[in-house]
Amino acid sequence: MFELTNLAELSRSHCVSLCAFLVPVNLTATCLTMGLAVLRRSKIRVWQSAGVAGIFAVVLLWHVYTWFEAGVVMIPTYVLLWLSSSCLMSNIGAVIYSYSRVNRLSVIKERLINSLMF
């Protein structure tokens, strides 16, 4: 049977390895998502990038939660919590930005066409 306690113990016992992998991957994937949104790539690519980056952010959040569950409350725990939360929010913001940009451009185009017709 699958138990989360075993997975939490694995997470805590390999903390240095997990953090050494998850911190740079979170930052890289989030920067890629924001770059795709700023460069006006398709919404599908922004969604895909945000999805992958979101998975890494949630894994880091869960890893931090296992330390809170064990009673470890230290500055690195809060820093990792802030990092994963801000990466998750940045990815959500990039997706919202890609949709708002499309809506904004369609409104401008519609107004331009309407002004030329009348």
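No value in this document is a laboratory result; all are computed from the given coordinates. In this text, all values refer to a predicted model and were calculated from it rather than measured experimentally. Methodologically, a virtual Cβ is constructed for each residue, glycine included, from the backbone with ideal geometry; neighbour enumeration extends over all protein chains shown.
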Would you say THR28 is surrounded by 12 or more Cβ atoms within 10 Å (Cβ to Cβ), farther than 20 Å from LEU4 by Cβ and without any contact (Cβ under 8 Å) to a residue 24 or more places away in the chain?
yes
Any residue in the stretch 79-89 that is more than 30 Å from LEU4 (Cβ to Cβ), crowded, with 17+ Cβ neighbours inside 10 Å and in contact (Cβ under 8 Å) with a residue 60 or more places away in the chain?
no
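This table checks each residue for (1) over 9 Å from the mean Cα position of the chain (by Cα); (2) under 17 Å from LEU7 (Cα atoms); (3) of a type outside the set (A, V, I, L, M, F, W, C).
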| residue | (1), (2), (3) |
| --- | --- |
| MET34 | yes, no, no |
| SER42 | yes, no, yes |
| ALA53 | no, no, no |
| ALA70 | yes, yes, no |
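Residue-by-condition table, conditions (1) over 26 Å from TYR99 (Cβ atoms); (2) in contact with a helix residue (DSSP H, G or I) (Cβ under 9 Å, 6 or more places away or on another chain):
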| residue | (1), (2) |
| --- | --- |
| THR5 | yes, no |
| ASN26 | no, yes |
| GLY54 | no, yes |
| PRO76 | yes, yes |
Could you tell me whether SER42 is exposed (fewer than 13 other Cβ atoms within 10 Å of the Cβ) and either among the basic types (Lys, Arg) or closer than 19 Å to ILE96 by Cα (or both)?
yes
